[in-house]
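The structure under discussion appears below in the form of structure tokens.
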């Protein structure tokens with residue numbers, strides 16, 4: 001079946017920099033996209049979501065961009081902090097209530 | 001906020017034994033619960049979808065007789081790994097949909113299973 005993937009497995013940034021994590025998806029029927037943060041030994045933590053009828057959504061220090069034309073999703077983290085170090089996953093589904101399909105994950109390392 | 005409690009958080013068992021993992025929605029009713037498996041440095045892979053009172057739907061390649069899922073109520077789903085083998089060692093994570101709000105999905109904290 002179709003799945004969500006990620007471009008880069010690791011990203012290293014300095015504290016205070018802006019981080020951009022990318023995700024490519026293949027299912028054109030996907031309607032709902034979410035970014036999760038996962039720390040070692042823990043379950044995924046919701047960061048931000050976006051529906052397919054939007055192309056940008058902002059939260060606190062985070063922004064998600066959706067480009068449906070090229071099926072690309074990105075997560076921007078402003079003023080990255082050491083506490084942001086974790087693995088980040090994008091996930092998608094076609095319809096609310098159905099299972100989320102996760103991408104491969106990007107490990108973000110923030111050095112101070 | 002809504003909390004999904006997963007128990008145990010880690011378990012070590014001998015090869016050939018069975019292990020049960022519980023997933024409870026503590027302060028809400030869950031229409032659907034999902035079970036994922038995650039191997040080290042890999043993504044979450046969907047194993048099965050579980051609806052209260054009905055049989056679980058398993059993903060391709062997941063053995064339903066090995067991974068028994070019971071969803072007896074709107075607040076509890078269990079995953080039993082039967083006749084566990086070392087290759088079943090993994091991080092198992094459940095998630096639950098808030099009844100009436102299918103887009104609201106909450107994850108448990110995961111169970112690390114180590115089979116000796």
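The values are calculated or read from the model by the stated rules, or taken from the named source; none is laboratory data. The structure presented is a predicted model; accordingly, all values stated were derived computationally and were not measured. Neighbour counts run over all protein chains shown; Cβ positions are idealised from the backbone, glycine included.
Before moving on, here are some points about what is shown:
Condition check ((1) within 25 Å of residue A:46 (Cα to Cα); (2) assigned to a strand (DSSP E or B)) across all residues:
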| site | (1), (2) |
| --- | --- |
| B:63 | no, no |
| B:72 | no, yes |
| B:78 | yes, yes |
| B:83 | no, no |
| B:91 | yes, yes |
| B:96 | yes, yes |
| B:103 | yes, yes |
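- Conditions (1) surrounded by fewer than 17 Cβ atoms within 10 Å (Cβ to Cβ); (2) under 30 Å from residue A:50 (Cβ atoms); (3) away from chain A (no Cβ under 13 Å); number of the one not met by residue B:103: (3)
- Residues that are more than 13 Å from every other protein chain (Cβ to nearest Cβ), outside any strand (DSSP E or B) and surrounded by fewer than 16 Cβ atoms within 10 Å (Cβ to Cβ), drawn from the stretch A:5-52: A:7, A:8, A:15, A:16, A:17, A:18, A:26, A:27, A:28, A:29
- Among the residues listed as B:84, B:72, the single one being loosely packed, with under 15 Cβ neighbours inside 10 Å and away from chain A (no Cβ under 12 Å): B:72
- Condition met for residue B:114 (in a strand (DSSP E or B) and either within 10 Å of another protein chain (Cβ to nearest Cβ) or touching a helix residue (DSSP H, G or I) at 6+ places or on another chain (Cβ under 6 Å) (or both)): no
- Identity of the residue in the stretch B:1-42, at pLDDT 95 or above and not in a strand (DSSP E or B), that ends up surrounded by the most Cβ atoms within 10 Å (Cβ to Cβ): B:9
- Residue satisfying all of: in the stretch A:71-108; more than 9 Å from chain B (Cβ to nearest Cβ) and without any contact (Cβ under 8 Å) to a residue 40 or more places away in the chain; surrounded by the fewest Cβ atoms within 10 Å (Cβ to Cβ) among these: A:83
- Set side by side, the residues A:67, A:93 differ, and just one is under 15 Å from the mean Cα position of the chain (by Cα) and closer than 25 Å to residue B:4 by Cβ, which is A:93.
- Residues of the stretch B:35-66 classified as more than 11 Å from chain A (Cβ to nearest Cβ) and closer than 13 Å to residue B:23 by Cβ, total: 2
- Here is the figure for the stretch B:87-100: residues that are away from chain A (no Cβ under 13 Å) and touching a strand residue (DSSP E or B) at 6+ places or on another chain (Cβ under 7 Å) total 2.
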